[in-house]
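The values are calculated or read from the model by the stated rules, or taken from the named source; none is laboratory data. Bear in mind the structure is a predicted one, so any value in this text is a computation, not a measurement. We place every Cβ from the backbone using ideal geometry, glycine too, and count neighbours over all the protein chains shown.
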Amino acid sequence: MPAADLALLIAAAQLAGKIALSHWKASPQVWEKPDGQGPVSAADLAVNAALAEVLRTARPDYGWLSEETPDSAERLSTPAQFILDPIDGTRSFLQGDAAFSHALAVVQNGQVTAGVVYLPAMDKLYAASADGPATLNGVNIRAASSAKEARVLTSKSTLAPEHWPGGVPTLHRHFRAGMAWRMCLVAEGAFDAMLTLRPSWEWDIAAGALIATRAGAFVSDRHGQALRFNAPDPRSAGVVVASPDLHGDLVARLAPQ
């Protein structure tokens, strides 16, 4: 089933890309979410509606967790779940930047079994199933091996000394918009690691977590614990994605809070 689910996700992501690009740089209507959760646009909602129609029609017994759909506890008792972000990087999308993606995953028993991250404006489609390789546009990709001065995707605030009682690691900091894309950039070896210490929504990280894992990276929360999905509160305690040696060093240095 992972192969069939992956094919479904790829087709759905490509459809999402066509819809998103029809709104991109076209000044779609924008609202602010409550509680400072950021913007949402007509494009986000249009993509979400199209994905719901395609995916839920194809797999009516799967649960549903999307950033743009009110959550329901019904998903907790389903045999599998779609977990997705219709547009990851909405701010970039609204600014006319190409750094936005569609992040789609299927989860069974808390584990991601198929995942796709598609950047339509860059024509980059990352994909993986639980029993296959990670790919970029159909070509196998592999995470980088450890580096002495690693290239790490993270925010400046993450490197504040109070987060690192074991000492701030020596690294070259970089940043890219979109959590899902950052995880995929580690998967393809363009960067050595990515990390965030903030609680991370499952829809931002599910697809990227599988792609990075199948590319040979270690993926965990900030405490080094394996990620599990379809939780009642769908957030993880941060995310660390890196090669095995670098991953261990980063987690060991972090404050255990």
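Pick out, from the range 140-257, the helices (runs of 4 or more DSSP H) lying fully within it that include 3 or more residues that are more than 17 Å from the chain's Cα centre (by Cα). Steps first, answer last, please.
Details: elements: 179-187, 202-214, 244-253.
So the answer is 244-253.
Just to be sure before I move on: is Ala114 assigned to a strand (DSSP E or B) and touching a residue at least 24 places away in the same chain (Cβ under 8 Å) in the structure I sent?
When the stated conditions are applied, Ala114 passes them.
When the range 118-137 is examined, which residues are found to be touching a Gly at 6+ places or on another chain (Cβ under 6 Å) and either of a type in the set (Gly, Ala, Ser) or outside any loop (DSSP other than H, G, I, E, B) (or both)?
We begin by selecting, within the range 118-137, every residue touching a Gly at 6+ places or on another chain (Cβ under 6 Å); these are 118, 120, 128.
The answer is Tyr118, Ala128.
Select, from Ser243, Ser200, Ser220, Ser236, the only residue that is surrounded by 16 or more Cβ atoms within 10 Å (Cβ to Cβ), closer than 18 Å to Ala114 by Cα and touching a helix residue (DSSP H, G or I) at 6+ places or on another chain (Cβ under 9 Å). Step through it out loud before you land on a result.
On the way: Ser243 fails: closer than 18 Å to Ala114 by Cα; Ser200 fails: closer than 18 Å to Ala114 by Cα; Ser236 fails: closer than 18 Å to Ala114 by Cα.
That would be Ser220, the only listed residue that is surrounded by 16 or more Cβ atoms within 10 Å (Cβ to Cβ), closer than 18 Å to Ala114 by Cα and touching a helix residue (DSSP H, G or I) at 6+ places or on another chain (Cβ under 9 Å).
When you scan the range 98-111, how many residues do you find that are in a strand (DSSP E or B) and farther than 20 Å from Ser236 by Cβ? Break it down stepwise before answering.
Initial filter on the range 98-111 (in a strand (DSSP E or B)): 101-108, 111.
Next cut, farther than 20 Å from Ser236 by Cβ only: 102.
Result for the range 98-111: 1.
Quick one: how many residues across the range 46-71 are out of contact with any Leu (no Cβ under 9 Å at 6 or more places or on another chain), without any contact (Cβ under 8 Å) to a residue 24 or more places away in the chain and not β-branched (Val, Ile, Thr)?
6
Within the set of pairs 6+ apart or on separate chains, which have a first residue in the range 161-189 that is in contact (Cβ under 8 Å) with a residue 12 or more places away in the chain and in the same structural domain as His247 (by TED's automatic domain parsing), a second that is surrounded by 15 or more Cβ atoms within 10 Å (Cβ to Cβ) and aromatic (Phe, Trp, Tyr), and C-beta atoms under 8 Å apart?
His174/Phe191; Ala177/Phe100; Gly178/Phe100; Arg182/Phe191; Cys184/Tyr126; Leu185/Phe191; Ala187/Tyr126; Glu188/Tyr126
Conditions tested, residue by residue: (1) closer than 16 Å to Ala4 by Cα; (2) among the hydrophobic types (A, V, I, L, M, F, W, C).
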{"site": "Ala49", "(1), (2)": "no, yes"}
{"site": "Thr57", "(1), (2)": "yes, no"}
{"site": "Arg75", "(1), (2)": "no, no"}
{"site": "Gly89", "(1), (2)": "no, no"}
{"site": "Ser92", "(1), (2)": "no, no"}
{"site": "Ser101", "(1), (2)": "no, no"}
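Which one of these does Ala20 not meet: (1) in contact (Cβ under 8 Å) with a residue 24 or more places away in the chain; (2) over 12 Å from Thr90 (Cα atoms); (3) out of contact with any Ser or Thr (no Cβ under 7 Å at 6 or more places or on another chain)?
(2)
Just give me the residues in the range 86-123 being closer than 21 Å to Leu55 by Cα and either surrounded by fewer than 19 Cβ atoms within 10 Å (Cβ to Cβ) or not assigned by TED's automatic domain parsing to the domain that holds Val47 (or both), in sequence order.
Asn109, Gly110, Gln111
Report yes if some residue within the range 42-53 is surrounded by fewer than 20 Cβ atoms within 10 Å (Cβ to Cβ), in contact with an Asp or Glu (Cβ under 8 Å, 6 or more places away or on another chain) and within 19 Å of Ala130 (Cβ to Cβ); otherwise report no.
Here is the first cut: in the range 42-53, the ones surrounded by fewer than 20 Cβ atoms within 10 Å (Cβ to Cβ) are 42, 45-46, 49-50, 52-53.
Within this subset, residues satisfying the condition of being in contact with an Asp or Glu (Cβ under 8 Å, 6 or more places away or on another chain) are 45.
From what is left, the residues that are within 19 Å of Ala130 (Cβ to Cβ) are none.
Taking every residue of the range 42-53 in turn, none turns out to be surrounded by fewer than 20 Cβ atoms within 10 Å (Cβ to Cβ), in contact with an Asp or Glu (Cβ under 8 Å, 6 or more places away or on another chain) and within 19 Å of Ala130 (Cβ to Cβ).
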